[in-house]
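The values are calculated or read from the model by the stated rules, or taken from the named source; none is laboratory data. As the structure is a prediction and not an experimental result, all values here were calculated from the model. Using ideal geometry, Cβ is built from the backbone for each residue, glycine included, and neighbour counts are taken over all protein chains shown.
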Amino acid sequence: MAVFSVFEPPQSDLDARDHAAKFQFVRDGFSWGAFLFGPLWMLRHRMWLSFLLYVLIVGGLVFAMTRMRLPDGAEAGVLFAVAILLGLEAATLRRWKLLGSKWTDHGIVVSDDIETAERRFFHRWFSRGTTPVSSERPAAPPYPHYALAAHNESHGIIGSFPEPGGGR
């Protein structure tokens, strides 16, 4: 089973169906595309800042390794480790990029493949009677009424400190 994070794009003038088509489902887990084609993968996903940092970090590592006169196998090993790290963290980089671009995170969907994940998410979304256009975050639940009563009546509190501000 795969885990997908669901992201909604910023508000647009599109109708609900066209807006829903722009949702992004980011698969969690190892990314073979990022591992094998790191810089090209970042450019494909329009991750300009990640690409720039990658070029600077890999360039600095290559410069440092050539100055230290390491054997060729050590340089290849370090670059292989960077590629593995990029493959492992590719989903996190995509989520950061989407959140930084004002996309809304709608949680996760667990499914065998992306088509089933999309079907599950939108079935649940539309069954709640809402459209995929989010206006605002839902309001926080109201403060529980029993907590207010327990705060005023010491006999309703269970714990080490039966009265607010009381001693041990």
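Would a scan of the range 8-22 turn up a residue that is within 15 Å of the chain's Cα centre (by Cα), outside any loop (DSSP other than H, G, I, E, B) and among the aliphatic types (A, V, I, L, M)?
Taking every residue of the range 8-22 in turn, none turns out to be within 15 Å of the chain's Cα centre (by Cα), outside any loop (DSSP other than H, G, I, E, B) and among the aliphatic types (A, V, I, L, M).
I need the full set of residues from the range 26-44 which are part of a helix (DSSP H, G or I) and touching a residue at least 12 places away in the same chain (Cβ under 8 Å), in order please.
Hits for the range 26-44 are Trp32, Gly33, Ala34, Phe35, Leu36, Gly38, Pro39, Trp41, Met42.
So, in the range 1-32, of the ones that are surrounded by 13 or more Cβ atoms within 10 Å (Cβ to Cβ) and aromatic (Phe, Trp, Tyr), which residue ends up nearest to His106 (Cα to Cα)?
Ranking the candidates gives Phe7 first.
For residues that are without any contact (Cβ under 8 Å) to a residue 12 or more places away in the chain and of a type in the set (A, V, I, L, M), tally how many sit in the range 50-75.
7
Please find, within the range 81-118, the residue that is farthest from Phe25 (Cα to Cα) out of those that are over 17 Å from the mean Cα position of the chain (by Cα), surrounded by 14 or more Cβ atoms within 10 Å (Cβ to Cβ) and modelled with pLDDT of 95 or more.
Checked the range 81-118; the qualifying residue farthest from Phe25 (Cα to Cα) is Val82.
Does at least one position in the range 53-60 carry a residue that is hydrophobic (A, V, I, L, M, F, W, C), outside any strand (DSSP E or B) and surrounded by 18 or more Cβ atoms within 10 Å (Cβ to Cβ)?
So far as the range 53-60 goes, no, none of its residues is hydrophobic (A, V, I, L, M, F, W, C), outside any strand (DSSP E or B) and surrounded by 18 or more Cβ atoms within 10 Å (Cβ to Cβ).
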